[in-house]
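Comments concern the structure below.
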Amino acid sequence: MGAAVNEPADARPAAETPETPQTPGTSEAAELATELAAELAAARERIAHLEIALQTNRRIAMAIGILMARRGLTEDAAFGELRAASQRRAMKVRELAGYVVEAGDLSESQEEEATG
């Protein structure tokens, strides 16, 4: 019996060897956390894009309203003018809408200033 007490630790059966405790599901939890972090980052990016789109939409809508009021146009006709002017200037509708909102109208002289 005395010999069993003096055995080195590595001679013990595997069941008695101390191991680092593994919590069941640790790797699954880490994988889930990584997936959730990626989804959160994607959601934040989407929110940023949507906020820009909303601001752009508001500015374009204001420009359309200004053109409707100043020129007596329908909504479709006002947007058509805004779009045609943006094509003539080779600039985005949202950028041109900003000029219309600031200036209060869309004139050829303003078109030349914006491009020039």
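The values are calculated or read from the model by the stated rules, or taken from the named source; none is laboratory data. Computed from a predicted structure; not experimentally measured. So basically every Cβ, Gly included, is an ideal-geometry build from the backbone, and we count neighbours across all protein chains shown.
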Of all residues in region 60-103, which are out of contact with any Leu (no Cβ under 8 Å at 6 or more places or on another chain) and part of a loop (DSSP other than H, G, I, E, B)? G72, T74, A90, M91, K92
Got a number for residues in region 60-79 being of a type outside the set (V, I, T) and under 29 Å from the mean Cα position of the chain (by Cα)? 5
When L106 is run through (1) modelled with pLDDT of 90 or more; (2) touching a helix residue (DSSP H, G or I) at 6+ places or on another chain (Cβ under 6 Å); (3) in a loop (DSSP other than H, G, I, E, B), the failure sits at (1)
Does S86 meet the test of being out of contact with any strand residue (DSSP E or B) (no Cβ under 8 Å at 6 or more places or on another chain), small (G, A, S) and at pLDDT below 95? no
